[in-house]
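**Q** Here's a structure for you.
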Amino acid sequence: MSLVNCHDPEVMIARFQQALESFRTSKAIFRVIASLPSPQSTPRISGPPPKTVYILDSSFNPPTLAHAHIILSALRASTPSSTPPQVLLLLAIQNADKAAQPATFEKRLAMMQLFADDVLGDISSLFQSDSKTQREQDKVGIDIGLTTLPYFADKYQHISPSEQYPLQETEQVHLIGYDTLVRCFDTKYYPPQYTLGPLQSFLKKHKLRVTYRTDDMWGDKAAQDKFLRDVGEGRKVSVGGLKEWVTDKRIEMVEGKEDSQEVISSTKARAASRNEDNETLARTVTPILVNQQRNPNSEAVIVIA
């Protein structure tokens with residue numbers, strides 16, 4: 001496993017370029033290429049393998065405060081355990097729907113590492129009030145991984161068991177938005193039978209934690225609840241959907257932002273960066289990424305664009 005632990009932007013870009021090239025030429029399907037905290041700063045790597053991995057699979061162009069909220073919300077809701085969970089930021093270098101965006105993969109990976117640094121600080125703050133929980137959650141680490149597969153039904157078997165997550169019983173909890181859930185249930189992605197059958201083995205062992213999308217495109221909360229309720233009432237059985245996915249809570253809807261809170265998106269962050277709107281940028285991305293944009297000595301190495 002290649003570890004990219006330096007925080008100098010130019011060095012990060014160069015090392016992530018090397019990690020990407022190594023991953024592509026290896027023909028591997030999944031690989032963790034960076035881990036935070038680094039092995040040099042923590043004994044976490046020598047501890048027991050995680051039994052739960054929270055996976056945020058995104059284009060990360062750029063990572064946003066909404067991504068951070070999704071991770072922290074999942075950890076806050078997790079059951080304390082002697083074996084701390086792990087977080088995996090996963091970048092698919094072959095996406096089912098989206099063409100390449102302006103930021104290169106190596107720059108996105110660098111932004112992911114800076115973002116992960118901020119999130120680790122937030123994780124520590126999140127559990128300060130409970131000393132026992134804090135000791136456990138302080139051991140939570142964040143991995144950065146690559147995959148060539150765009151679909152949950154394909155990639156999950158390569159994530160665990162694997163070199164990084166060797167336990168057969170490791171449960172993957174995929175952190176997604178409602179829009180991704182809708183695409184996940186679109187049978188056009190599952191040729192040649194075009195049914196939801198490929199999801200059955202995935203959801204038998206693993207889970208989807210779905211954040212409501214509160215914009216006009218996806219309907220209100222009631223409409224999104226109805227989509228999942230229909231699955232639980234058997235209205236997807238004809239195409240391979242199982243009621244148990246809902247009744248056994250293999251799929252769970254959770255709150256995202258409050259109604260009064262501003263909508264945060266990667267699109268808004270890119271626009272704020274292009275317009276040099278630092279006030280909006282500070283409301284959409286984590287502090288380290290904001291500082292990267294303001295740093296006159298960075299020579300635009302890692303630019304949100």
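The values are calculated or read from the model by the stated rules, or taken from the named source; none is laboratory data. Because the structure is predicted, anything quoted here is derived from the model rather than measured. Methodologically, a virtual Cβ is constructed for each residue, glycine included, from the backbone with ideal geometry; neighbour enumeration extends over all protein chains shown.
**Q** Filter segment 190-217 down to residues that are in contact with a Lys or Arg (Cβ under 6 Å, 6 or more places away or on another chain) and of a type in the set (A, V, I, L, M, F, W, C), then give me how many there are.
**A** Total meeting the criteria: 1.
**Q** Let me ask you something else. Test Gln200 against the criterion of being more than 19 Å from Val254 (Cβ to Cβ) and outside any helix (DSSP H, G or I), and give yes or no.
**A** no
**Q** OK, next. Filter segment 252-305 down to residues that are touching a strand residue (DSSP E or B) at 6+ places or on another chain (Cβ under 8 Å) and either of a type in the set (Gly, Ala, Ser) or more than 21 Å from Val119 (Cβ to Cβ) (or both) and give me whichever is modelled with the lowest pLDDT.
**A** Here is the first cut: in segment 252-305, the ones touching a strand residue (DSSP E or B) at 6+ places or on another chain (Cβ under 8 Å) are 252-256.
Checking the rest, the ones that are also either of a type in the set (Gly, Ala, Ser) or more than 21 Å from Val119 (Cβ to Cβ) (or both) come to 252-253, 256.
On the way: Glu252: 97, Met253: 97, Gly256: 81.
Only one residue tops the list, namely Gly256.
**Q** Oh, and also: What residue, among those in segment 165-221 that are among the β-branched types (Val, Ile, Thr) and touching a strand residue (DSSP E or B) at 6+ places or on another chain (Cβ under 7 Å), is nearest to Tyr151 (Cα to Cα)?
**A** Here is the first cut: in segment 165-221, the ones among the β-branched types (Val, Ile, Thr) are 170, 173, 176, 180, 182, 187, 195, 210-211, 214.
Checking which are touching a strand residue (DSSP E or B) at 6+ places or on another chain (Cβ under 7 Å) leaves us with 170, 173, 176, 210-211.
Working: Thr170: 19, Val173: 15, Ile176: 13, Val210: 16, Thr211: 18 Å.
Among them, the one singled out is Ile176.
**Q** Kindly indicate whether Ala14 is outside any loop (DSSP other than H, G, I, E, B), modelled with pLDDT of 95 or more and either under 25 Å from Val290 (Cα atoms) or among the basic types (Lys, Arg) (or both). Spell out how you get there, then give the answer.
**A** Details: outside any loop (DSSP other than H, G, I, E, B): yes; modelled with pLDDT of 95 or more: no; either under 25 Å from Val290 (Cα atoms) or among the basic types (Lys, Arg) (or both): yes.
Considered against the rule, which asks whether it is outside any loop (DSSP other than H, G, I, E, B), modelled with pLDDT of 95 or more and either under 25 Å from Val290 (Cα atoms) or among the basic types (Lys, Arg) (or both), Ala14 comes out as no.
**Q** Also, quick follow-up: In segment 157-181, which residues are part of a helix (DSSP H, G or I) and out of contact with any helix residue (DSSP H, G or I) (no Cβ under 7 Å at 6 or more places or on another chain)? Reasoning before the result, please.
**A** Initially, segment 157-181 is screened for residues part of a helix (DSSP H, G or I), giving 157-159, 178-181.
If the condition is that a residue be part of a helix (DSSP H, G or I) and out of contact with any helix residue (DSSP H, G or I) (no Cβ under 7 Å at 6 or more places or on another chain), then Gln157, His158, Ile159, Thr180, Leu181 are the ones that fit.
**Q** Please give the number of the condition Ala153 fails out of (1) assigned to a loop (DSSP other than H, G, I, E, B); (2) modelled with pLDDT under 95.
**A** Of everything listed in (1) assigned to a loop (DSSP other than H, G, I, E, B); (2) modelled with pLDDT under 95, Ala153 misses just condition (1).
**Q** Hey, another quick one. Considering only segment 202-214, I want to know if a residue exists there that is within 23 Å of Lys155 (Cα to Cα), in contact (Cβ under 8 Å) with a residue 24 or more places away in the chain and loosely packed, with under 13 Cβ neighbours inside 10 Å. Walk me through it before giving the result.
**A** Start the filter on segment 202-214 by keeping residues that are within 23 Å of Lys155 (Cα to Cα), which leaves 202-211.
When the remaining residues are screened for being in contact (Cβ under 8 Å) with a residue 24 or more places away in the chain, the result is 202-211.
Pick out the ones that are also loosely packed, with under 13 Cβ neighbours inside 10 Å and you get 204.
Scanning segment 202-214, I find at least one residue that is within 23 Å of Lys155 (Cα to Cα), in contact (Cβ under 8 Å) with a residue 24 or more places away in the chain and loosely packed, with under 13 Cβ neighbours inside 10 Å, so the answer is yes.
**Q** Is it the case that segment 231-243 has a residue that's buried (at least 16 other Cβ atoms within 10 Å of the Cβ), in contact with a Gly (Cβ under 6 Å, 6 or more places away or on another chain) and of a type outside the set (A, V, I, L, M)? If you could, list the steps in order and put the result at the bottom.
**A** Here is the first cut: in segment 231-243, the residues buried (at least 16 other Cβ atoms within 10 Å of the Cβ) are 231-232, 236, 240-242.
Then drop every residue that is not in contact with a Gly (Cβ under 6 Å, 6 or more places away or on another chain), which leaves 231, 240.
Next cut, of a type outside the set (A, V, I, L, M) only: 240.
Among the residues of segment 231-243, at least one is buried (at least 16 other Cβ atoms within 10 Å of the Cβ), in contact with a Gly (Cβ under 6 Å, 6 or more places away or on another chain) and of a type outside the set (A, V, I, L, M), which makes the answer yes.
**Q** Looking at segment 130-148, which of its residues are modelled with pLDDT under 95, surrounded by fewer than 21 Cβ atoms within 10 Å (Cβ to Cβ) and closer than 24 Å to Leu109 by Cα?
**A** Asp138, Lys139
**Q** Within segment 204-223, take every residue that is outside any loop (DSSP other than H, G, I, E, B) and within 21 Å of the chain's Cα centre (by Cα) and give me the one that is farthest from Ser160 (Cα to Cα).
**A** Selected residue: Trp218.
**Q** A follow-up question, please. Pairs, please: C-beta under 6 Å, at least 6 apart or cross-chain, first residue over 15 Å from Ile144 (Cα atoms) and in segment 14-26, second surrounded by 15 or more Cβ atoms within 10 Å (Cβ to Cβ) and among the hydrophobic types (A, V, I, L, M, F, W, C)?
**A** The qualifying pairs do not exist here.
**Q** Are any residues in segment 262-279 within 23 Å of the chain's Cα centre (by Cα), of a type outside the set (Gly, Ala, Ser) and surrounded by fewer than 17 Cβ atoms within 10 Å (Cβ to Cβ), and if so, which ones? Break it down into steps so the answer makes sense when it comes.
**A** Taking segment 262-279 first, the residues within 23 Å of the chain's Cα centre (by Cα) are 262-273.
Then drop every residue that is not of a type outside the set (Gly, Ala, Ser), which leaves 262-264, 267-268, 270.
Passing the criteria: Glu262, Val263, Thr267.
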